[in-house]
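Quick one: the structure is below, questions incoming.
The values are calculated or read from the model by the stated rules, or taken from the named source; none is laboratory data. Model, not experiment: these values are computed from the prediction. Here the Cβ positions follow ideal geometry from the backbone for every residue, glycine too, while neighbour counts run over all protein chains shown.
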Amino acid sequence: MKIYLIGTGTEGHHTLTLEAAEAIARSELLIGAKRMLEPYQTSGKVCVRAYQSAEIIAALLDNKFEIAAVLFSGDCGFFSGASVLKEQLPEAEIIFIPGISSLAAFCAKIGKSYENMKFVSLHGRDAHIAIHAAANPLCFFLLGGNVRAADLCKQLCAYHLGALSVYIGENLGYPDERISIGKAVEFTDYCDDTLTVLVTENPTPIQFIPSALPDRCFERSKIPMTKAHVRCSAVAALNIKKDGICWDIGCGSGSVSVEMAYRCQDGAVYAFDKNPEAIPLTEKNAVHFFCDNIIAEEGNCPEILLNAPVPDHVFIGGSSGNLRGIFEIIAMKNHEADIVITAVSLETLLLAAKCFDEFQGTFEVVQIAVTETKKVGSHTMLEAQNPVFVISGHLG
């Protein structure tokens with residue numbers, strides 16, 4: 001069977017490319033959502049309404065036609081289910097025909113170039129909002145499912161980004177198309193259609209990945225905090241991926257969580273602490289730094305880690321004597337995870353080394369001794385911090 005996977009553009013008929021129209025004319029079977037099939041109901045072709053990948057595959061396998069076309073809204077290469085079909089139909093001849101994406105259509109309507117734009121799909125997916133809007137001059141959000149324009153704007157406001165400009169596009173290409181422009185704070189009660197896209201514009205985005213953020217920038221209490229230069233070295237040793245899942249065990253004020261979060265903007269940081277005062281403090285610092293990809297949870301480790309997502313990177317700033325149990329959970333979840341432990345005592349250093357050895361891991365130890373300057377009258381004095389051991393490695 002020859003199968004065309006066709007992007008039909010925003011409207012599905014008038015935005016169809018000539019190549020796509022010719023492929024549809026050659027096809028005996030057309031599969032797609034209701035609005036994709038409407039122009040072809042009287043064409044004499046077999047039209048099957050199907051939206052989910054499993055339904056589409058079943059329709060293709062149940063019908064014995066030589067040529068079929070699956071119609072997707074927008075472009076088959078932009079947050080489309082087309083790639084899934086190719087993987088599940090290895091014996092078929094698959095031909096992709098691109099269309100005009102909602103991204104290209106909307107940016108043309110609002111006069112914005114998109115070569116440096118961040119693309120985020122919230123259409124039936126979990127993704128973060130504030131961290132992307134804070135870190136990029138322009139962000140395109142494909143909405144749908146549980147997240148509507150008002151929800152997105154409320155999230156921006158909750159993370160002190162309510163002053164950002166937003167562009168909302170609904171039903172692009174249809175007679176009831178609507179485009180709204182304003183500040184995020186103005187759209188927290190906005191009622192939009194399900195076919196909606198949204199662009200945020202930030203004139204002062206974060207220009208670099210923050211590292212060794214000054215301690216004074218964090219909200220503090222009596223809760224312990226990993227100091228800037230140690231934090232910088234520990235996070236760097238974790239080699240955090242853009243979509244990585246991180247654990248911050250013994251999160252305290254959340255300073256490590258924040259620097260992790262900037263590095264995994266397409267992932268998430270799960271911050272754990274047994275101290276009930278640490279969780280709201282971590283959450284406040286997450287809001288202050290626009291990090292809505294931090295999820296803070298109160299509980300004892302290792303018990304709370306059992307139901308946590310599989311980690312790619314683990315920072316252990318405090319184990320309350322349960323280091324071996326934490327290692328056991330990490331080994332069970334992902335023995336290839338990057339692990340970094342900070343220790344201020346020889347006993348903790350020796351225990352960390354013992355745990356790595358017990359689980360056939362490899363590790364290295366670096367001692368960091370930071371001395372900062374402090375102005376005293378007309379003199380600049382040296383002020384030393386306690387030495388800290390940074391133990392980094394992997395399990396066997």
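Quick check on my filter: what residues within region 99-108 are farther than 25 Å from Asn63 by Cβ and surrounded by 15 or more Cβ atoms within 10 Å (Cβ to Cβ)?
Ile100, Ser101, Ser102, Leu103, Ala104, Ala105, Phe106, Cys107 - these are the residues of region 99-108 that are farther than 25 Å from Asn63 by Cβ and surrounded by 15 or more Cβ atoms within 10 Å (Cβ to Cβ).
Something else about it: Residues in region 254-267: is at least one assigned by TED's automatic domain parsing to the domain that holds Ala331, at pLDDT 95 or above, more than 17 Å from the chain's Cα centre (by Cα) and assigned to a loop (DSSP other than H, G, I, E, B)?
yes
Go through region 170-182 and report how many residues are part of a loop (DSSP other than H, G, I, E, B), surrounded by fewer than 16 Cβ atoms within 10 Å (Cβ to Cβ) and in contact (Cβ under 8 Å) with a residue 60 or more places away in the chain.
Result for region 170-182: 1.
Give the residues of region 34-68 that are under 21 Å from Ala92 (Cβ atoms) and in contact with a Lys or Arg (Cβ under 8 Å, 6 or more places away or on another chain), sorted by residue number.
Passing the criteria: Leu37, Arg49, Glu66, Ile67, Ala68.
In addition: Out of region 15-38, which residues are crowded, with 18+ Cβ neighbours inside 10 Å, of a type outside the set (A, V, I, L, M, F, W, C) and within 37 Å of the chain's Cα centre (by Cα)?
The answer is Thr15, Gly32.
Separate question: Take the residues of region 109-133 that are among the small types (Gly, Ala, Ser) and either at positive phi or surrounded by fewer than 21 Cβ atoms within 10 Å (Cβ to Cβ) (or both): which is nearest to the chain's Cα centre (by Cα)?
Ranking the candidates gives Ala127 first.
Yes or no: region 381-392 includes at least one residue that is of a type in the set (D, E, K, R) and out of contact with any Gly (no Cβ under 8 Å at 6 or more places or on another chain).
Checking region 381-392: at least one residue is of a type in the set (D, E, K, R) and out of contact with any Gly (no Cβ under 8 Å at 6 or more places or on another chain).
Something else about it: So for region 218-231 (the condition being over 18 Å from the mean Cα position of the chain (by Cα), among the hydrophobic types (A, V, I, L, M, F, W, C), in a helix (DSSP H, G or I) and outside the structural domain of Ala150 (by TED's automatic domain parsing)), does at least one residue qualify?
Yes, that holds for at least one residue.
Within the set of pairs 6+ apart or on separate chains, which have a first residue in region 68-94 that is outside the structural domain of Val46 (by TED's automatic domain parsing), a second that is of a type in the set (Ser, Thr, Tyr) and in a helix (DSSP H, G or I), and C-beta atoms under 7 Å apart?
Sorted first by the residue in region 68-94, then by its partner, the list stays empty.
For region 269-295, what are the residues that are surrounded by 22 or more Cβ atoms within 10 Å (Cβ to Cβ) and either modelled with pLDDT under 95 or not in a loop (DSSP other than H, G, I, E, B) (or both)?
Val269, Tyr270, Ala271, Phe272, Asp273, Ala278, Leu281, Thr282, Asn285, Ala286, Ile294
Let me ask another. Quick one: is Glu11 charged (D, E, K, R) and out of contact with any strand residue (DSSP E or B) (no Cβ under 8 Å at 6 or more places or on another chain)?
Yes.
Another one. Take residues that are in contact with a Ser or Thr (Cβ under 8 Å, 6 or more places away or on another chain) and tell me which of the strands (runs of 3 or more DSSP E) falling wholly in region 345-396 contain 3 or more.
Output list reads 362-368, 379-384, 388-394.
Specify the residue that is farthest from Gly144 (Cα to Cα); the eligible residues are those in region 39-73 that are of a type in the set (Phe, Trp, Tyr) and over 35 Å from the mean Cα position of the chain (by Cα).
Phe65
Name every residue in region 360-381 that is small (Gly, Ala, Ser) and under 32 Å from the mean Cα position of the chain (by Cα), in order of residue number.
Of everything in region 360-381, just one residue is small (Gly, Ala, Ser) and under 32 Å from the mean Cα position of the chain (by Cα), namely Gly361.
What residue, among those in region 334-354 that are at pLDDT 95 or above and under 26 Å from the mean Cα position of the chain (by Cα), is farthest from Val235 (Cα to Cα)?
Asn334
Are any residues in region 296-339 crowded, with 23+ Cβ neighbours inside 10 Å and not in a loop (DSSP other than H, G, I, E, B), and if so, which ones?
Leu305, His313, Val314, Phe315, Ile316, Ile326, Phe327, Ile330, Ile339
For region 183-208, which residues satisfy the criterion of being within 20 Å of the chain's Cα centre (by Cα) and exposed (fewer than 12 other Cβ atoms within 10 Å of the Cβ)?
Gln207, Phe208
Do we have any residue at all in region 74-96 that's surrounded by 15 or more Cβ atoms within 10 Å (Cβ to Cβ), farther than 30 Å from Ala23 by Cα and under 20 Å from the mean Cα position of the chain (by Cα)?
There is no residue in region 74-96 that is surrounded by 15 or more Cβ atoms within 10 Å (Cβ to Cβ), farther than 30 Å from Ala23 by Cα and under 20 Å from the mean Cα position of the chain (by Cα).
Can you tell me how many residues in region 1-36 are under 26 Å from Val197 (Cβ atoms) and modelled with pLDDT under 90?
Adding up the residues that qualify gives 10.
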